[in-house]
Structures are given as C-alpha cells and as structure tokens.
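Peer 1: Input: one structure, supplied below.
The values are calculated or read from the model by the stated rules, or taken from the named source; none is laboratory data. Keep in mind that this is a model prediction, so the values were computed, not measured. Glycine gets a Cβ as well: all are built from the backbone with ideal geometry, and neighbour counts include every protein chain shown. Each accessible area value is taken on the protein alone, full model and side chains, heavy atoms only, with ligands, DNA and RNA left out. Shrake-Rupley method; radii C 1.70, N 1.55, O 1.52, S 1.80 Å.
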Amino acid sequence: MNLRIKKNANSIMGIVLTAIVVIPAIIGIFWTPYDPETINGSLKLAGASWAHPFGCDNFGRDILSRIMLGSSTTFLIGMGTVIGGAVVGTLVGALTGFYGGVIDEVLMRFNDVMLSFPSLLLALTFVAIFGPGKYRVMWALAIAFVPSFARIIRAEFKRVKNMDYVKAARLSGASDFRIMYVHILPNTVKVLINAVLIGFNNAVLAEAGLSFLGIGVQPPDASLGRMLSDSQTYLFTKPSYAIIPGMAIIVMVLGVSMIGKEVE
Amino acid sequence: MKILKKIVSSILVVLVVSTLVFVAFSVIPGDPAVAKLGTMATPEQLENLRQAMGLTDPLPVRYVHWVLGVLQGDFGTSYSYGIPVTDLIADKLPVTVTMAIISMFIMIVLAVVLAIYSAYHEHSLLGRAIGVINQVIMSIPPFFGGIIITLIFGLTFKLFSPGGYISYDINLGKFIGYMIWPAIAIALPKASMAYSLLLSGLIGEKKKDYVRTAYSRGNSSKAVFYRHILKNACIPVITFLGMAFADMIAGTLVIEQVFGIPGLGMILLTSIQNRDYPVVEAIIVCIAVLVIFSNLLVDILYKVVDPRTR
C-alpha cells in the first residue's frame with residue numbers, strides 16, 4: 001500500500017512538472033501576453049516586473065511570451081518527431097518482426113548501424129542534407145528516430161507471434177493483417193508508450209541542441225535552444241535570460257521521464 | 001574468432017556509412033560552384049570551376065576518386081577555405097578526442113564512487129538524496145549544463161576564464177585545465193545514467209546466492225563486495241560505456257560553442273552553413289570511425305571481462 005502511494009506520488013509529480021511547461025506551451029500556440037516579436041528599445045534587458053514577470057531580452061521582447069512560443073515550437077517538434085518515428089518505425093518493425101527473412105536481416109543490420117550513432121550526430125547529418133528550419137528539423141529528427149522504434153516493435157512482434165493464442169488465431173483462419181493488427185499490436189502498446197516518452201525527450205533535447213547551434217529552428221520562430229544561445233552574451237549581466245529557458249527544458253524532460261518510469 | 005568477425009564487420013560498417021554519406025551529399029540540390037563564386041558569376045566561370053572540382057564526372061567515378069583519396073587520408077579540398085580538408089581537421093581532432101576522454105574519465109569516477117556509496121547506504125538520507133538529484137541531473141542538456149558551469153565557476157568564482165581557450169600546442173597543462181569544464185558538462189548527465197545502471201546492478205547482485213556462498217566461506221564483507229559484487233555489476237555498465245563515448249563525441253560538437261573552443265564542431269557548423277560538403281563529409285566519416293571503433297573496443301572488453309560470453 002505504502003509502495004503504491006509512493007509510486008502514485010512519483011507519477012503525479014511527473015504530470016505536474018510536464019504540465020508546468022506543456023500547458024503554457026499549448027496556450028502559446030494561440031495566445032501570448034505580448035507579441036513575442038515586438039522590439040522595444042526602452043525595455044532592453046529589463047528586469048522582472050509585474051508587467052513582464054521574466055523580464056525582457058536584448059531586444060526588449062517579453063521573455064515570458066517568447067518562452068511560451070519557444071516551448072510550443074519545441075513541444076510540437078517533439079510530438080511531430082515522435083509520431084512520425086513511431087508510425088514508420090512500428091510499420092517497419094511489425095513487418096520485419098512478423099515475416100522475418102532476408103529483408104528483415106538486411107534492414108536490421110542497417111538499423112544497428114544507425115542505432116550505434118549518437119542521435120545528435122544523425123540529426124546534424126540530416127539537417128546538413130535538408131537544411132535548417134522548423135519543419136525540416138522535424139523531418140530530420142523523425143528519420144533519425146525510426147530505427148529505435150523499429151527495433152523495439154520488431155522484438156515485441158517476434159516475441160508475441162509464437163504465442164499460443166496467435167497460433168490459435170491463425171488456425172481459425174485469421175489473415176496476417178488481422179493477426180498483426182488485432183492480436184499482436186495491442187500487446188505492444190505498453191512498450192510503445194514507453195518508447196514514445198523516451199523518444200519525445202530525446203527529440204526535445206536534440207531540437208534544443210540544433211537550435212542552440214543555430215541550424216535548427218530559424219528566427220523569427222522562437223525556440224528554447226535559440227534563446228539559450230542568444231542569452232550567452234548577456235550571461236553576466238542577466239543570468240535569468242539563460243536560466244529560464246534552460247529550466248523550461250529540464251522541467252519538461254524531467255516530468256516526461258518521471259511519467260515514463262511509472263509506465264515501466 | 002568471434003573478435004575477428006567483429007573487426008571485419010566493423011570495417012564493412014565504416015565502408016557502408018562512408019558510401020551513404022558520400023551519396024547523400026552528392027545527390028542533394030545545391031551547386032558548390034555557385035556557392036563558391038556567388039550568383040554573380042558567369043556561366044563559363046561556373047563551368048570551368050565545375051570541371052576543375054571534378055563535378056562533371058558521373059557519380060560512380062567521383063565516388064571511386066573520393067574513396068581512393070580517403071584511404072590515403074585525402075578528403076579533397078574545402079570549397080570555402082580552399083585548403084585540403086585533412087589539414088583543416090587534423091589539428092582539431094585531438095581537441096574532440098581529449099575532451100571526450102576527460103569526460104569519460106569524470107563520468108566513470110563519479111558513477112562508481114557514488115554508486116558504491118549508495119549501495120552501502122541504500123536507505124540513508126544522503127543515499128536517497130543522491131537518487132533524487134540524480135534524476136534531475138539526467139535531464140540537463142549538456143549545453144545548458146555548460147552555461148550554468150560558466151556562470152557559477154567561470155563568472156562567479158572565477159576558477160577559469162570563459163572563452164580563454166588555449167590550444168594544446170601552446171600550453172598542454174592550461175589546455176587540459178580548460179577542457180575539464182566542458183568535459184564536466186558533457187559527463188554529468190551520462191554519469192547519472194551510469195550511476196543508476198551500476199546501482200541497480202549492485203543491489204541486484206547483493207541478493208544472489210553466490211554472494212551468500214562467498215560470505216559462508218568466511219570472506220570479509222569488503223572482499224565480497226569488491227571482488228564479487230562489484231565485478232559482476234560492472235558487466236552491464238561496459239555496454240553503456242560504448243554508447244556513452246559515442247554520445248560524448250557528439251556532445252563535444254555542441255559544447256564547444258558554449259566554451260568558445262575552436263574544434264571540429266565549429267568547423268562542422270560553418271561548413272554546414274556554407275554548404276562546404278567535403279568538410280562535412282570528412283567530419284562525419286571521422287566521427288563515424290571513432291564511434292564504430294569505440295564500440296568494437298567495448299565488445300572486445302566485454303568478452304575479456306565476462307567469460308560467459310566467450
């Protein structure tokens with residue numbers, strides 16, 4: 001009993017932390033307190049005030065508004081990446097795991113090679129090929145994330161396809177598609193959710209890294225990574241300019257990983 | 001025999017990866033001749049340059065040229081710098097590798113010391129506190145960790161001067177002294193992962209039968225811990241080391257920007273922005289080789305440490 005409460009406390013904490021960043025991010029898609037792009041010389045590097053709770057940046061733009069918009073960019077890229085990677089990865093993993101054979105062998109060898117590369121390096125390579133920008137980064141990351149999903153789903157399909165109930169379904173004349181979709185896929189959901197949460201975190205970190213380097217999201221789109229790299233020049237005079245976007249990334253990643261631990 | 005097979009397959013992987021990189025960068029739109037001369041150049045000028053760069057040859061011919069060059073350590077000429085790519089990256093590679101090795105060292109020391117402490121004091125307050133702090137540290141992106149380190153240790157306590165990078169051929173001691181800070185930033189999140197892995201290994205092994213046998217033979221608890229439990233708990237961590245090293249090498253590319261270190265990352269970035277593909281190809285292939293061979297090393301190490309896998 002005690003253990004269950006503690007476990008719940010952990011997942012509630014995770015949900016709360018995630019919500020702290022994700023709810024303002026979702027609001028930020030539609031509305032921000034100020035126009036995040038309005039430049040105001042008189043508010044340059046202004047401190048915290050009632051009007052601007054997080055102060056203003058080096059162009060006098062409201063940091064809260066930019067954080068909301070930046071988090072929403074990061075959140076949407078993370079979601080897009082994970083959905084794209086999971087859909088394609090599940091398809092590849094399901095087909096190769098179910099049918100096996102030469103194609104499975106070749107694809108998985110290729111997969112192993114991709115997986116041995118750090119995701120940041122893969123993302124850098126794809127961005128070098130596609131070019132920078134919000135949607136291109138999403139594509140680049142989604143492609144880079146397909147192998148990890150494919151591997152996890154393939155292993156699940158391989159494990160489940162030899163179980164007795166699948167054999168029974170086959171004997172009763174179910175088609176391959178029905179077996180995969182109705183009988184095996186629901187069994188992989190738990191593993192898939194966990195992979196999605198881990199993937200989301202990796203995507204958020206990769207996007208922030210790319211934007212920090214200046215080859216991810218391009219201005220005028222706001223991004224947490226970009227804000228961090230802009231803030232470096234003013235680190236001594238206005239450390240909060242760096243700390244706030246950094247904390248937004250940490251809180252979001254920490255919250256999601258705490259939820260992920262509970263799913264396990 | 002198995003090791004030989006691993007070596008052969010690693011070499012094959014290097015070949016496949018470099019082929020993919022070359023093909024990918026050859027088929028993407030964008031004309032390097034235009035990139036070099038600008039849009040104001042006349043068509044003849046462009047044509048001449050394309051011929052001089054060997055861009056008019058068919059793809060397979062260019063590929064064979066490129067591979068033969070790479071095998072002799074020649075990655076071609078940089079479009080934007082106009083000097084051989086090898087000269088451009090040769091003196092930057094040690095910066096990347098040194099930083100990754102220092103951060104590997106920091107990671108191992110931190111993870112092992114803290115995991116042993118936590119395994120001994122599983123239920124103590126400090127042991128639990130380390131566990132909580134650990135989860136937070138795992139979520140810190142290295143470049144933000146680097147900014148915080150700069151803020152605290154560089155600007156506030158003045159333990160190092162941010163941006164005061166000194167090259168290794170000028171003063172090796174000062175170079176390593178400066179490299180420690182970015183290395184910590186890269187090492188921290190990885191150390192916390194290695195810590196959890198090692199700790200769960202230690203706690204799991206502690207309850208196993210062979211441990212009880214070792215005690216019943218009259219071994220002291222220290223001897224049992226260090227000679228049996230720790231040794232077995234380290235085995236899964238070794239696989240992690242290979243992955244961590246690969247991630248650290250990629251991490252150096254980003255952290256260089258935080259600490260103003262002119263290494264491979266800086267060249268890679270400007271080359272991506274200038275579409276200077278020979279340089280991008282060379283850096284990606286070099287890092288790929290580093291990653292693949294560090295994985296190979298880990299595989300071999302694994303077989304040496306764990307006789308069951310031989």
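Peer 1: So which residues in segment B:190-206 are crowded, with 23+ Cβ neighbours inside 10 Å and out of contact with any Leu (no Cβ under 6 Å at 6 or more places or on another chain)?
Peer 2: B:190, B:192, B:198, B:199
Peer 1: Still on this structure, I have one more. Determine which single condition residue A:136 fails, assuming it passes every other condition in (1) under 22 Å from residue A:228 (Cα atoms); (2) without any contact (Cβ under 8 Å) to a residue 60 or more places away in the chain; (3) crowded, with 19+ Cβ neighbours inside 10 Å.
Peer 2: Result: residue A:136 passes all but (3).
Yes or no, residue by residue, for (1) at pLDDT below 85; (2) surrounded by fewer than 20 Cβ atoms within 10 Å (Cβ to Cβ):
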| position | (1), (2) |
| --- | --- |
| B:74 | yes, yes |
| B:78 | yes, no |
| B:108 | no, yes |
| B:118 | no, no |
| B:123 | yes, yes |
| B:127 | yes, yes |
| B:139 | no, no |
| B:159 | yes, yes |
| B:171 | no, yes |
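Peer 1: Of the residues B:173, B:154, B:201, which is part of a helix (DSSP H, G or I), away from every other protein chain (no Cβ under 11 Å) and either in contact with a strand residue (DSSP E or B) (Cβ under 9 Å, 6 or more places away or on another chain) or more than 21 Å from residue B:247 (Cβ to Cβ) (or both)?
Peer 2: B:173
Peer 1: Among the helices (runs of 4 or more DSSP H) contained in segment A:146-264, which hold 2 or more residues that are open to solvent by 60 Å² or more (accessible area, probe 1.4 Å), within 14 Å of another protein chain (Cβ to nearest Cβ) and out of contact with any strand residue (DSSP E or B) (no Cβ under 7 Å at 6 or more places or on another chain)?
Peer 2: Answer list for segment A:146-264: A:189-213, A:240-263.
Peer 1: Those residues that are surrounded by fewer than 23 Cβ atoms within 10 Å (Cβ to Cβ) and either basic (Lys, Arg) or more than 10 Å from chain A (Cβ to nearest Cβ) (or both), I need them from segment B:244-265; list them, please.
Peer 2: B:262
Peer 1: Still on this structure, please answer the following. Among the residues of segment B:80-96, which ones are open to solvent by less than 40 Å² (accessible area, probe 1.4 Å) and either without any contact (Cβ under 8 Å) to a residue 12 or more places away in the chain or farther than 21 Å from residue B:275 by Cβ (or both)?
Peer 2: B:95, B:96
Peer 1: Those residues that are within 14 Å of chain A (Cβ to nearest Cβ) and not in a helix (DSSP H, G or I), I need them from segment B:90-145; list them, please.
Peer 2: Matches in segment B:90-145: B:123, B:139, B:140, B:141.
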